[in-house]
Amino acid sequence: MGADEPLDSATDWVAERTRAYVESNGDEGYLWRGFPTIVLTTRGRKSGNLRRNALIYGRDGDDYVLIASYGGRPKHPLWYLNLVAEPQVHLQVGAESFDARARTATAEEKPRLWNLMAAIFPQYDRYQKKTACEIPVVILETRDS
């Protein structure tokens with residue numbers, strides 16, 4: 001993704017957690033309130049800068065799965081808009097760090113993956129109920145499909 005230094009989330013507590021995660025190789029921050037998290041680095045669609053966020057994730061075979069819920073707000077999170085514009089992303093899971101390709105789940109894939117993620121973090125169902133926005137499911141492919 002380049003040698004430039006990533007900028008952490010504009011939300012202070014997320015930025016602090018993300019930095020602790022990266023600096024400790026996942027020893028701090030991998031679990032957030034008991035939920036597994038991944039550090040996603042995207043390239044800003046407007047700025048071109050690298051952006052980094054720690055997010056709850058699930059697994060689907062070799063792939064990683066995220067929900068772009070933005071807490072049920074009526075718009076998509078910036079990290080999601082960034083990966084739609086530039087699907088090459090970088091991931092850190094614990095001490096492991098690697099590149100992946102992001103894509104939005106198809107209508108056929110989404111129900112199964114949504115259920116997988118809602119089993120991990122049931123709040124996603126509440127987020128979807130509180131917004132008219134269709135919350136995307138993101139697949140992070142770590143291998144050639």
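The values are calculated or read from the model by the stated rules, or taken from the named source; none is laboratory data. If you're wondering where the values come from, they're calculated on a predicted model, not measured in any experiment. Counting neighbours? That spans all protein chains shown, and the Cβs are built from the backbone with ideal geometry, glycine included.
Checking the structure you have, find out if any residue of the range 14-30 is part of a strand (DSSP E or B) and under 16 Å from Val93 (Cα atoms). The answer is no, given that none of the residues of the range 14-30 is part of a strand (DSSP E or B) and under 16 Å from Val93 (Cα atoms).
Quick one: which residue in Leu91, Leu66, Leu78 is over 25 Å from Ser24 (Cα atoms) and either surrounded by 15 or more Cβ atoms within 10 Å (Cβ to Cβ) or within 13 Å of the chain's Cα centre (by Cα) (or both)? Sole residue among the options that is over 25 Å from Ser24 (Cα atoms) and either surrounded by 15 or more Cβ atoms within 10 Å (Cβ to Cβ) or within 13 Å of the chain's Cα centre (by Cα) (or both): Leu78. Taken over the range 1-21, the criterion of being in contact with a Lys or Arg (Cβ under 9 Å, 6 or more places away or on another chain), at pLDDT below 85 and charged (D, E, K, R) is satisfied by Asp8 alone. The lone criterion from (1) part of a loop (DSSP other than H, G, I, E, B); (2) of a type in the set (Gly, Ala, Ser); (3) under 11 Å from the mean Cα position of the chain (by Cα) left unmet by Gly48 is number (3). All conditions but one from (1) in a strand (DSSP E or B); (2) more than 18 Å from Pro6 (Cα to Cα); (3) basic (Lys, Arg) apply to Lys75; the one that does not is (1). Of note, Tyr80 does not satisfy the criterion of being closer than 24 Å to Tyr127 by Cα and in a strand (DSSP E or B).
Table: residues versus (1) exposed (fewer than 15 other Cβ atoms within 10 Å of the Cβ); (2) part of a strand (DSSP E or B).
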| position | (1), (2) |
| --- | --- |
| Ser97 | yes, yes |
| Ala100 | no, yes |
| Arg103 | no, yes |
| Thr106 | yes, no |
| Arg126 | yes, no |
| Glu134 | yes, no |
| Leu140 | no, yes |
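When the residues of the range 108-124 are filtered to those that are closer than 23 Å to Gly34 by Cα and part of a loop (DSSP other than H, G, I, E, B), the one that is nearest to the chain's Cα centre (by Cα) is Phe121.
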